[in-house]
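The values are calculated or read from the model by the stated rules, or taken from the named source; none is laboratory data. Keep in mind the model is a prediction, meaning the values are calculated, not measured. Positions of Cβ are generated from backbone atoms using ideal geometry, with glycine treated the same way; all protein chains shown enter the neighbour counts.
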Amino acid sequence: MTGVNENDREIYMHGHHPVVVDEHARRSAKRNAAYLLPHLKPGMSLLDIGCGPGSITAGLANATGPGRAVGVDTSETALERARADAADAGIKNLEYQIADAYDLPFSDGSFEVAHMHQVLQHLSDPERALQEAVRVLAPGGVIGITEVDWGTAIFWPRTSATDRFLQIYGEVAIRNGGDPDMGRRLRSMLEPLGLERMEIGALAWSFGDAETTAQWGDLWWSRIQESNIATVAVETGISTSEELAEIGANLHEWGQAPDAFFSMTHGEALGWK
Ligand SMILES: C[S@@+](CC[C@H](N)C(=O)[O-])C[C@H]1O[C@@H](n2cnc3c(N)ncnc32)[C@H](O)[C@@H]1O
């Protein structure tokens, strides 16, 4: 995990364990940025801030090619994966570089599109990162932001393990300086920035069949024990490794239940400068 954040409480809570990077790399522009795609045109310049392993960035770059597309992140581990996948896919208009969302190495008005997917929730000063994103946006340009809202997460069957999982997740996120309920704040965060126009909406992720509930349960079975969340939860006394192992096993069992259902809302915002 690398970071260039000024606030030493601000830790990217998931870290870049392979189980995390692999899950992020399964995302796509079609699924995770469908609200932004209709506003993209060939030739537009695009910046994806906190791009991670770049699977969404690649889809956006395909929509704006041959325009210049840049993905930035503070993690070299994530960018290595992004560069390798872009090379494999033969995407020529996309480059990746290390950069901090608080201090982007671009002059004012450099990009016609700015994108952030699941980044603001991890930052202790999301307002400053947003101002910085809008600074590098050209007049008339569009910014698209998606953030999860864990406060809307629903597990059925609901058990003491699913409740405790949500509680631990939320406490670790806050301990790391972030806000796990960022999805509901996008309108209020964009409102002071003086944009010409905004469109605010939401997207629900839902899992309600044997394949997707098993995947979601097993994903968190691993992540609650192996990712940075586990380290922080144990080091700060929020949980113990024994409790995390028990919750993980329960999440695996939840994913196998024939009536399992999960949903969670994500805020989506578009703003034009
Ligand atoms: C949840 S991941 C999202 C990655 C990608 N946008 C996606 O949805 O697949 C959050 C990413 O933000 C990056 N990040 C955290 N703090 C950052 C900062 N200050 N500047 C740039 N990137 C940052 C992390 O390294 C991580 O790759």
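Values for this structure:
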{"item": "Failed item in (1) surrounded by 15 or more Cβ atoms within 10 Å (Cβ to Cβ); (2) touching a residue at least 24 places away in the same chain (Cβ under 8 Å); (3) under 30 Å from L37 (Cα atoms), with T212 passing the rest", "result": "(2)"}
{"item": "Failed item in (1) crowded, with 18+ Cβ neighbours inside 10 Å; (2) at pLDDT 95 or above; (3) more than 8 Å from the ligand (Cβ to nearest atom); (4) part of a loop (DSSP other than H, G, I, E, B), with G59 passing the rest", "result": "(4)"}
{"item": "Criterion: more than 27 Å from M13 (Cα to Cα) and either within 18 Å of the chain's Cα centre (by Cα) or surrounded by fewer than 20 Cβ atoms within 10 Å (Cβ to Cβ) (or both) - qualifying residue of G71, G67, G52", "result": "G67"}
{"item": "Matching residues in region 68-92 - criterion: being out of contact with any strand residue (DSSP E or B) (no Cβ under 6 Å at 6 or more places or on another chain) and part of a strand (DSSP E or B)", "result": "D73"}
{"item": "Some residue of region 90-98 being under 20 Å from W272 (Cβ atoms) and near the ligand (Cβ under 9 Å from one of its atoms)", "result": "no"}
{"item": "Count of residues meeting criterion [surrounded by fewer than 18 Cβ atoms within 10 Å (Cβ to Cβ) and within 14 Å of the ligand (Cβ to nearest atom)] in region 107-117", "result": "0"}
{"item": "Every residue from region 180-201 that is over 29 Å from A249 (Cβ atoms), of a type in the set (D, E, K, R) and surrounded by 15 or more Cβ atoms within 10 Å (Cβ to Cβ)", "result": "R184, R185"}
{"item": "Options D85, D125, D108; residue that is of a type in the set (D, E, K, R) and within 22 Å of H39 (Cα to Cα)", "result": "D108"}
{"item": "The lone exception for L130 - which of (1) more than 24 Å from V20 (Cα to Cα); (2) surrounded by fewer than 18 Cβ atoms within 10 Å (Cβ to Cβ) it fails", "result": "(2)"}
{"item": "Pairs with Cβ under 9 Å, 6+ apart, first in region 53-81 and over 15 Å from I91 (Cα atoms), second modelled with pLDDT of 95 or more and in a helix (DSSP H, G or I)", "result": "V72/L79; D73/L79; D73/A82"}
